[in-house]
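Remarks on the structure that follows.
The values are calculated or read from the model by the stated rules, or taken from the named source; none is laboratory data. Since the model is a prediction, treat every value here as computed from it, not as a measurement. Cβ placement follows ideal geometry from the backbone for every residue including glycine, while neighbour counts extend to all protein chains displayed.
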Amino acid sequence: MRALLKVRNLSKVFKTGFLRRGTLITAVNNVTFELNKGEILSLIGESGSGKTTTAKLILKLLRPTSGEIYLEDVEIWSIPNKNYWRRVQAVFQDPYASFNPIYKVNRVLKNAFKLIGRNLSKSEVKGRIKEVLTYVGLKPDEVLDKRPFELSGGQLQRVLLARCLLIDPQIIIADEPTSMIDASTRVEVLNIFKKLSKEGKSIIFITHDISQAFYVSDTMLVMHKGAIVERGRPEDIVFSPKHPYTKGLISAVPKLHERFGFS
Amino acid sequence: MKKVVNVVNLRGGYETPLGFVRAVDGCSLEVYEREIVGIAGESGCGKSTFARLMIGYVKPPAYVINGTSIIGDINVYSLPWEERRRRLWGVKVSLIPQYSMNALNPTKKIRDIIVDVVRERKGKSISSREALAMAKARLEELGLSEEVLNMYPIELSGGMKQRTVIAISTLLNPLLLIADEPTSALDVSTQKLLLFLLYELVKRRGIVETLIFISHDIATLRQICDRLYIMYAGRIVEVGGIEEVLKNPLHPYTKGLIRAVISLQPEVRGITLRGIPGSPPDLINPPKGCRFAPRCPSAKDKCKEEPPLINVGGRRLVACWLYD
Amino acid sequence: MVLSRFIGILKLAFKYKKLLVGSAVLSFIVLFSLIGILVYHVNPRDILFQDLKPPCPSNPLGTDVFGRDVMAQVIHGTLNSLKVGVVAGLLAVLIGIGIGATAGYFGGVIDEALNLVTNTFLTLPTLALLIALAAYIRVRSEWIVALIIGVTSWPWTARAVRAQVYSLRTREFIYLAKMSGLSSLGIILLEVLPNMLSYIIMCFTLQMASAILAETGLSAIGLGPSDAITLGVILRWSIVWEAPRLGAWWWFVPPGIIITLIAVSVLLLNSGLDEIYNPRLRRRGLEKGS
């Protein structure tokens, strides 16, 4: 099966300072991986591991220093932006920062229609919006007329997922989509991702929380200081980690029915 | 066992443009010596406000309505603000609020921050040399080298900053340390270290007499707490020893919380976990009766009346009519 | 619906004394000048052959050294000073937003280049420039003075706007706007600036206050409008024709008070707006049991 997204030797080096010698920070270091259709791939890493920078590179929000990214075998920087973003979309970590606080929540959904550029009648637009909101488990009158601060983090993230669904991309990059949501709502959002992947969408799930990645992914990639240190199936990574960093990561996860050996 | 912290029926909240939020609506709590007590709750349940009310750190737009809080031999609300500042805060009780590691003054070196804090509490009775010696000792106990004293906060990592904040907060060996989500902004490995340090501070080194640990993550609470209080919508809904509550949860909310935990077990791969549908009530106009009833799978007619905390034996309390 | 919201805002305004006092005083001054123009039909330049009369029923603020009615001067002067303030303020804010938002949003080379421009303007010796201009433009209307002030005082707003925009550009909603196909200009106009509306209003009020004071200063040294009456011009006349020495307080005290009141009320307004938008600045008294 041909891979949908191919990332090859991707690197991003930040230089601080302008017109003078500054320090070099290698945020992403020679990363290579592939994403297939309908696959959920997790990028696991702690802060500073380069996972968010990788996401921005794939989303064309940043230019790579070296390396290539191919979407269906075409290098992404030769694909016109609007076209690209119809096929690759994102959900970010902070639901409250993902909305412009002065506008109502339905604006992001209306703007999504502008991207897909289809001319739909008012009732068709309304219908489509209702459809996607129902898919993510929200009632239209519950959310549409509200401002972001009136809704919970979980509700806002679902609206953002609904926005993605309107655009109907092939790939959704989810950067820590649930870390600012309460645990009791989190699972439901993760379930939406699972549902989407069963319907053929590919998802890159970025997180620092191994448990969440363990629940949803088909493939796990562990990142440390910008490089991929281990990759494999979730069961392999969690139950037989090979890289010392991965081992350390797994052993530090607090478990519900076990205590760290402090006492 | 001696009761170090005794909070009874504390009630309070804060003013917002939309109305008064009753964030804490009649909450009681006790902590015994050398105990680590956890308060578990999700966003908006009032746990942070509860912490502030406990220590009397209430200034507009926050207000306390009634209730008592006794820490050691001090009745918090019998003291005026200045007395609280002088005798209570930083001395008998220390609160490490959420994101406190970002509260370190970025323009001062750690040594200056520490001296400021200590001199403010103890006045001229302690010289800066003594204060620094105490600080150095405490930092070492927390695994930080004395070089940290000469650094600026920006030069420290998240974990180091958090440990510095703990060092500063515990310099005067308080009776009670309240840590509000101390690990949420940290990486997993640093979290583990921090939990270990907090455990040591209370259980082994006796630097802090009691600890109240507030978190939304019950797996984290599991690691060091002896007893657990579950808070929902401004009320305490379940209390008990941590193992009991987690192995055998009684309140439907607690059950829901535990069901939503993703454990690293092979079975988890194949199943669909369920969260708790709906969202917490608005605390400006809370519903009458049991506040969890709208989301509760076992809600009955009786739930229109608010359930008190019912003792089901052995210091185990549940606020649910199912256990009447 | 709109009415109840408006009443809600009024109720809120009453809680914030600074805002209330500031806007009340400013509105009073504005109304004074507007109604004055309509009602008080005395030409400020008419010579009445009654020099230096103190305030009396026929001349509420007396007459000046040429016998012209001072009240008329003050009414026209207030209006013109406000005109200059508003126009210069608007100009400064618009230029400032244009440059600041562009620098803040795009960053990089554009930012550095625009910062260079901003800093150059900041260090421009405005006074020397104006003296040179005065030599070339013999006849300066109040609009030209407003233009000059506007075009030299924008750096303050530019800096403030740049900082705000720079901090907003990495917010997720900006990324999502980009990924929805919105152009950079569209993002700045529709997403960034509306988010900063309160900030922009405050910039405008500050620029306006400083413009009025700047015009007064310029007029006081004779570089203000050459054919319009502003409060600053009245002050200049009163200084040149030695009103203080002659004891004709009615000529220079009223304009001085009005200028001060305009500046103070605008600053109070600004401070009051800041209180609303920045809850931490609110004084205790505002929040008790409502």
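Checked against (1) free of Cβ contacts under 8 Å to residues at least 40 places away in the same chain; (2) more than 10 Å from chain C (Cβ to nearest Cβ), A:ARG87 passes all but condition (1).
Screening B:GLU155, B:GLU200, B:GLU146 for residues that are free of Cβ contacts under 8 Å to residues at least 60 places away in the same chain, in contact with a helix residue (DSSP H, G or I) (Cβ under 6 Å, 6 or more places away or on another chain) and surrounded by fewer than 20 Cβ atoms within 10 Å (Cβ to Cβ) leaves exactly one candidate, B:GLU146. Being outside any loop (DSSP other than H, G, I, E, B), in contact with a helix residue (DSSP H, G or I) (Cβ under 9 Å, 6 or more places away or on another chain), modelled with pLDDT under 85 and over 28 Å from C:ALA243 (Cα atoms) is not true of C:LEU10. Checking each residue in the stretch A:134-143 for being closer than 24 Å to A:LEU190 by Cβ, away from chain B (no Cβ under 14 Å) and more than 19 Å from the chain's Cα centre (by Cα) picks out A:THR134, A:PRO140. All told, A:ILE76 meets the bar of being more than 11 Å from chain C (Cβ to nearest Cβ), over 29 Å from A:VAL143 (Cα atoms) and either touching a strand residue (DSSP E or B) at 6+ places or on another chain (Cβ under 7 Å) or buried (at least 16 other Cβ atoms within 10 Å of the Cβ) (or both).
Of all residues in the stretch A:59-73, those being in contact (Cβ under 8 Å) with a residue 60 or more places away in the chain and more than 9 Å from chain C (Cβ to nearest Cβ) number 7. Summed over the stretch B:41-91, the residues that are within 16 Å of B:ALA179 (Cα to Cα), in contact with a Lys or Arg (Cβ under 7 Å, 6 or more places away or on another chain) and modelled with pLDDT under 90 give a count of 2.
Is it true that some residue in the stretch A:49-59 is more than 26 Å from A:ALA213 (Cβ to Cβ) and at pLDDT below 95? No, because not a single residue in the stretch A:49-59 is more than 26 Å from A:ALA213 (Cβ to Cβ) and at pLDDT below 95. If the condition is being closer than 18 Å to B:CYS27 by Cβ and touching a Ser or Thr at 6+ places or on another chain (Cβ under 8 Å), then the stretch B:229-256 contributes B:ILE230, B:ILE236, B:VAL237, B:GLU238, B:VAL245. The residue of the stretch A:92-144 that is nearest to A:PHE193 (Cα to Cα), among those that are in contact with a Phe, Trp or Tyr (Cβ under 7 Å, 6 or more places away or on another chain) and in a helix (DSSP H, G or I), is A:VAL108. Would you be able to say whether some residue in the stretch B:203-223 is at pLDDT 90 or above and closer than 16 Å to B:ILE114 by Cα? So far as the stretch B:203-223 goes, no, none of its residues is at pLDDT 90 or above and closer than 16 Å to B:ILE114 by Cα.
Restricting the first member to the stretch A:109-123 and to residues that are more than 9 Å from chain C (Cβ to nearest Cβ), and the second to residues that are at pLDDT below 85, the beta-carbon pairs closer than 9 Å and six or more apart or on different chains are A:PHE113/A:LEU120.
Filtering C:ALA214, C:ALA209 for residues that are touching a residue at least 60 places away in the same chain (Cβ under 8 Å) and closer than 16 Å to C:SER141 by Cα leaves a single hit, C:ALA214. Note on the stretch B:99-138: residues that are crowded, with 17+ Cβ neighbours inside 10 Å and closer than 27 Å to B:ALA185 by Cα total 13.
Within the stretch B:257-276, being facing chain A (nearest Cβ under 8 Å) and either in contact with a His (Cβ under 8 Å, 6 or more places away or on another chain) or in a loop (DSSP other than H, G, I, E, B) (or both) holds for B:ALA260, B:VAL261, B:ILE262, B:SER263, B:LEU264, B:THR272, B:LEU273, B:ARG274, B:GLY275, B:ILE276.
Every condition in (1) over 25 Å from A:SER179 (Cβ atoms); (2) β-branched (Val, Ile, Thr); (3) surrounded by 22 or more Cβ atoms within 10 Å (Cβ to Cβ); (4) within 14 Å of another protein chain (Cβ to nearest Cβ) is met by B:THR254 except one, and the failing one is (1).
The set of residues in the stretch A:191-220 being farther than 19 Å from B:ILE271 by Cα, of a type in the set (S, T, N, Q) and within 13 Å of chain B (Cβ to nearest Cβ) consists of A:THR207 alone.
Could you check how many residues of the stretch A:235-248 are within 7 Å of another protein chain (Cβ to nearest Cβ) and either among the small types (Gly, Ala, Ser) or out of contact with any Pro (no Cβ under 8 Å at 6 or more places or on another chain) (or both)?
Within the stretch A:235-248, the subset within 7 Å of another protein chain (Cβ to nearest Cβ) is A:235, A:238, A:248.
Then keep just the ones that are either among the small types (Gly, Ala, Ser) or out of contact with any Pro (no Cβ under 8 Å at 6 or more places or on another chain) (or both); that gives A:238, A:248.
Within the stretch A:235-248, residues that are within 7 Å of another protein chain (Cβ to nearest Cβ) and either among the small types (Gly, Ala, Ser) or out of contact with any Pro (no Cβ under 8 Å at 6 or more places or on another chain) (or both) number 2.
Does any residue of the stretch A:221-231 turn out to be free of Cβ contacts under 8 Å to residues at least 24 places away in the same chain and more than 9 Å from chain B (Cβ to nearest Cβ)? Yes, that holds for at least one residue. Considering only the stretch A:145-167, I want to know if a residue exists there that is part of a helix (DSSP H, G or I), closer than 16 Å to A:ILE204 by Cβ, under 16 Å from the mean Cα position of the chain (by Cα) and within 12 Å of chain B (Cβ to nearest Cβ). Within the stretch A:145-167, none of the residues are part of a helix (DSSP H, G or I), closer than 16 Å to A:ILE204 by Cβ, under 16 Å from the mean Cα position of the chain (by Cα) and within 12 Å of chain B (Cβ to nearest Cβ).
Okay, residues lined up against (1) within 22 Å of B:GLN98 (Cα to Cα); (2) over 14 Å from the mean Cα position of the chain (by Cα); (3) not in a helix (DSSP H, G or I):
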{"residue": "B:VAL21", "(1), (2), (3)": "yes, yes, yes"}
{"residue": "B:VAL31", "(1), (2), (3)": "yes, no, yes"}
{"residue": "B:GLU42", "(1), (2), (3)": "yes, no, yes"}
{"residue": "B:THR49", "(1), (2), (3)": "yes, no, no"}
{"residue": "B:ARG52", "(1), (2), (3)": "yes, no, no"}
{"residue": "B:ILE70", "(1), (2), (3)": "no, yes, yes"}
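Is there a residue being part of a helix (DSSP H, G or I) and either more than 18 Å from C:GLU215 (Cβ to Cβ) or out of contact with any His (no Cβ under 9 Å at 6 or more places or on another chain) (or both) anywhere in the stretch C:52-66? Checking the stretch C:52-66: not a single residue is part of a helix (DSSP H, G or I) and either more than 18 Å from C:GLU215 (Cβ to Cβ) or out of contact with any His (no Cβ under 9 Å at 6 or more places or on another chain) (or both).
Can you tell me how many residues within the stretch B:85-98 are surrounded by fewer than 21 Cβ atoms within 10 Å (Cβ to Cβ) and part of a helix (DSSP H, G or I)? Here the count works out to 3. When the stretch A:249-262 is filtered for residues that are at the interface with chain B (Cβ under 7 Å from one of its Cβ atoms) and either in contact with a strand residue (DSSP E or B) (Cβ under 8 Å, 6 or more places away or on another chain) or small (Gly, Ala, Ser) (or both), the ones remaining, listed by number, are A:LEU249, A:ALA252.
Within the stretch C:169-202, restricting attention to residues that are facing chain A (nearest Cβ under 7 Å) and among the aromatic types (Phe, Trp, Tyr), the residue that is surrounded by the fewest Cβ atoms within 10 Å (Cβ to Cβ) is C:TYR175.
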